[in-house]
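Novice: Sending over a structure as structure tokens; questions will come in a sec.
Please treat every number below as a calculation from the coordinates, not as lab data. Keep in mind the model is a prediction, meaning the values are calculated, not measured. Neighbour counts run over all protein chains shown; Cβ positions are idealised from the backbone, glycine included.
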Amino acid sequence: MKLFFDHQKRIFALLGIITGLILVQACGRQLTPETSCNFVQNQNLQRVSWGSNTPVNIYMDSSYPAEYVIALTGAIAQWNNIGQQLSKKDFFRLRTGSPGASSPRQDGYTKIYMLNTWEDDRRIEQARTTVYWSGSQIYESDIRINHKDYDFYLADDRPDYSKVHLESLIVHELGHVLGLAHTHNTESVMQVSLANGKVREEPQSPDIEALQCEY
Ligand SMILES: [Zn+2]
């Protein structure tokens, strides 16, 4: 992982940390390792993904502000474009209502939260995505956006160098939801860091090639 600082006050920070909860399979079947294709892999080195269980239903927690819904729908549309190209299926479907837990935890719902509290020792994170899987099948994911330490802007044609472009941030986190890991490829939306004012909202060929391994 790379962390950049420059000599001005612009903040370059880690863009999310992915954590996985590994649930050990009870069966004794031999599992064949797979190349990563930039996916997260389970302990048997198999890529974890939703497989054919797309579109993924996404819910907004009530903590997610209405003014920022457009960034979420924009980010979903970016990935759905790719899903349609690859398999004529959307990757995500935004659902109404806010079922499940009011703070991020494993509750059976894939939700996005915008939080005004954040751990002091993890202020470097602009967001954090948790992915839950069993075997190689992802069945839930939660996105936390750090609104305690970061401010966001929406317009992609007027960069604000004091804030994080929210759609770009969510595009990256949704990539984690699909199973993608970080990459150092500078064309990818899955790079670790996102500078203030940087717009990086469109998945590029490395991202599409990675997804082709699973979707
Ligand atoms: Zn990330």
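Novice: Out of all DSSP beta bridges with both ends in the chain, state the antiparallel percent to the nearest 5. Show your work: numbers first, answer last.
Specialist: Details: 13 of 35 bridges.
Within the chain, antiparallel bridges account for around 35 percent of the total.
Novice: Which of His176, His182 comes first, and how do the rest follow, when ranked by fewest Cβ neighbours within 10 Å?
Specialist: On the way: His176 25, His182 22.
The order, fewest Cβ neighbours first, is His182, His176.
Novice: Just name one of Gly135, Val164, Ser103: the one whose Cα is farthest towards the positive end of the charge dipole of the chain (beta-carbon charges, Lys/Arg +1, Asp/Glu -1).
Specialist: Checked the options; the winner is Gly135.
Novice: Mind listing P(r) for the stretch 34-212? All alpha-carbon pairs, 5 Å bins, whole percents.
Specialist: Binned Cα distances yield the sequence 1, 8, 17, 22, 23, 17, 9, 3, 0, 0.
Novice: Using a 10 Å cut-off around each Cβ, can you sort Thr54, Thr110, Thr117 from fewest to most neighbouring Cβ atoms?
Specialist: Ordered from fewest to most neighbouring Cβ atoms within 10 Å, Thr54, Thr110, Thr117 come out as Thr117, Thr54, Thr110.
Novice: Still on this model: Pulled fully out, how much extra length does the chain show between Asp157 and Ser36, if you take 0.36 nm times their separation in residues and subtract their Cα-Cα distance? Mind dumping the intermediate values first?
Specialist: Numbers: separation 121, 0.36 × 121 = 43.56 nm, distance 3.48 nm.
Roughly 40.1 nm would be gained on extension.
Novice: Same structure, new question: Please give me, ordered by residue number, the GluC sites (Glu not before Pro) of the stretch 152-196 that lie in loop per DSSP and have at most 16 other Cβ atoms within 10 Å. Provide the component values of the computation, followed by the final result.
Specialist: Working: sites: Glu167, Glu173, Glu187; in loops: Glu187.
Within the stretch 152-196, the qualifying GluC sites (Glu not before Pro) (loop, at most 16 other Cβ atoms within 10 Å) are Glu187.
Novice: Would you mind ranking Val69, Val164 by Cβ crowding within 10 Å, fewest neighbours first? Could the numbers behind the result be given before it?
Specialist: Numbers: Val69 12, Val164 23.
Final ranking by Cβ density, sparse to dense: Val69, Val164.
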